[in-house]
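All remarks here apply to the structure that follows.
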Amino acid sequence: MAGTLYLVPTPIGNLGDLTDRCREALASADFIAAEDTRVTRKLLAHLNLRQPMVSYYEHNKIESGVRILARLQSGETCALVTDAGTPAISDPGEDLVRLCAGAGVPVVSLPGPCALITALTVSGQPTGRFTFEGFLSVNRKNRRAHLESLRGETRTMVFYEAPHKLLDTLQDMQAVFGGERALSLCRELTKLHEEVMRTTLDDALRYYQAQAPRGEYVLVIHGAEPLEEPPISLDDGVAQVLAQLAQGQRLKDAVRAVAQATGLSRNELYDAALSAREA
Ligand code: SAM
């Protein structure tokens, strides 16, 4: 019988955020697949664990993935971890999950630290509907094209960003979304210098033009205001009433239905439809 692949989130700053269940999954795994074994070794030392490790990262994920799958199929249990946070979210893991799930190997995702959710929930921006955009490209043209595709996006948008790219990103966002757009810059979450700046793109740019960005950032941007539906004209309303009359509706019923659907005044619609019918 195949073993199980466990996706194990690790702290994004505060070591106290590793759950008991994640510790148990690390302790009982036959081996750990780690993005950077040096980083994970420190975490294991903190937990007094000495599990064998293999590396699984962006540039070896194909060969390493095949080897991990073979071990899982032979009955071993694997815990997948990345340097910090939840595997498969802007981190290696997505391909391994697909490979294992496709081969019928059980995959279990353990809940735990994730920069995206930590930032979204503390941002103060609407959380009901959001879109996660990960990292923007380092290539200016591609970055602008990505942002342009979000110009009319009404959901809250979440981006990961590195400090050395922050200023360029804020400038491009200001150009596309406008300087008045609200955002929350969530920095160094769960760490000593955790900071959440709830501001606008204009003010964020002014601030970071005066001082260099430091640490890891998640940007949570308010969505665009929804475009208002253009109000329907009386003529269009009358055309809808006449169409319903042609289908055998009574004038009074057709007027009531169209007035309800469009917000037009029932009396005005009735008089106009009456004249149009008699014309
Ligand atoms: N898979 C991880 C997760 O979902 O938490 C994210 C990994 S991604 C390679 C790293 C990015 O996550 C950073 O560049 C930053 O944008 C964000 N991040 C990670 N830790 C953070 C923290 N403590 N505070 C703010 N952002 C953080």
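The values are calculated or read from the model by the stated rules, or taken from the named source; none is laboratory data. Quick caveat: nothing in here was measured; it's all calculated off a predicted structure. Neighbour counts are summed over all protein chains in view; Cβ atoms, including those assigned to glycine, are modelled from backbone coordinates with ideal geometry. Surface accessibility is based on the protein's heavy atoms, side chains included, excluding ligands, DNA and RNA. Shrake-Rupley method; radii C 1.70, N 1.55, O 1.52, S 1.80 Å.
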TODO: Mind listing whichever residues of the stretch 165-206 are more than 24 Å from Glu148 (Cα to Cα) and open to solvent by 50 Å² or more (accessible area, probe 1.4 Å)?
DONE: Lys191, Leu192, His193, Glu194, Glu195
Open item on the list: I'm trying to understand the selection: among the residues of the stretch 207-229, which are away from the ligand (no atom under 16 Å from the Cβ) and surrounded by 14 or more Cβ atoms within 10 Å (Cβ to Cβ)?
Closed with: Tyr207, His222, Gly223, Ala224
TODO: Examine the stretch 231-242 for a residue that is among the small types (Gly, Ala, Ser) and within 26 Å of the chain's Cα centre (by Cα), and state whether such a residue exists.
DONE: no
Task: The one condition in (1) within 17 Å of the chain's Cα centre (by Cα); (2) within 14 Å of the ligand (Cβ to nearest atom) that Leu110 fails to fulfil - done: (1)
- [ ] Please work out which one of (1) in the same structural domain as Arg129 (by TED's automatic domain parsing); (2) closer than 30 Å to Lys141 by Cβ is the condition Leu192 fails and give its number.
- [x] (2)
TODO: Taking the options Arg23, Arg38, Arg50, name whichever one is touching a residue at least 12 places away in the same chain (Cβ under 8 Å) and among the basic types (Lys, Arg).
DONE: Arg23
Open item on the list: Suppose the filter is within 11 Å of the ligand (Cβ to nearest atom), modelled with pLDDT of 95 or more, β-branched (Val, Ile, Thr) and within 17 Å of Ala29 (Cβ to Cβ); does Thr82 pass it?
Closed with: yes
Open item on the list: Exactly one condition in (1) touching an Asp or Glu at 6+ places or on another chain (Cβ under 8 Å); (2) among the small types (Gly, Ala, Ser); (3) within 15 Å of the ligand (Cβ to nearest atom) is false for Ser184; which is it?
Closed with: (1)
Open item on the list: Exactly one of these conditions fails for Tyr57: (1) touching a Cys at 6+ places or on another chain (Cβ under 9 Å); (2) open to solvent by 70 Å² or more (accessible area, probe 1.4 Å). Give me its number.
Closed with: (1)
Open item on the list: Looking at Gly134, Gly75, Gly65, Gly124, can you tell me which residue is outside the structural domain of Lys42 (by TED's automatic domain parsing) and open to solvent by less than 40 Å² (accessible area, probe 1.4 Å)?
Closed with: Gly134
Open item on the list: For the stretch 155-169, give me each residue that is within 14 Å of the ligand (Cβ to nearest atom) and not aromatic (Phe, Trp, Tyr).
Closed with: Met157, Val158, Glu161, Ala162, Pro163, His164, Lys165, Leu166, Thr169
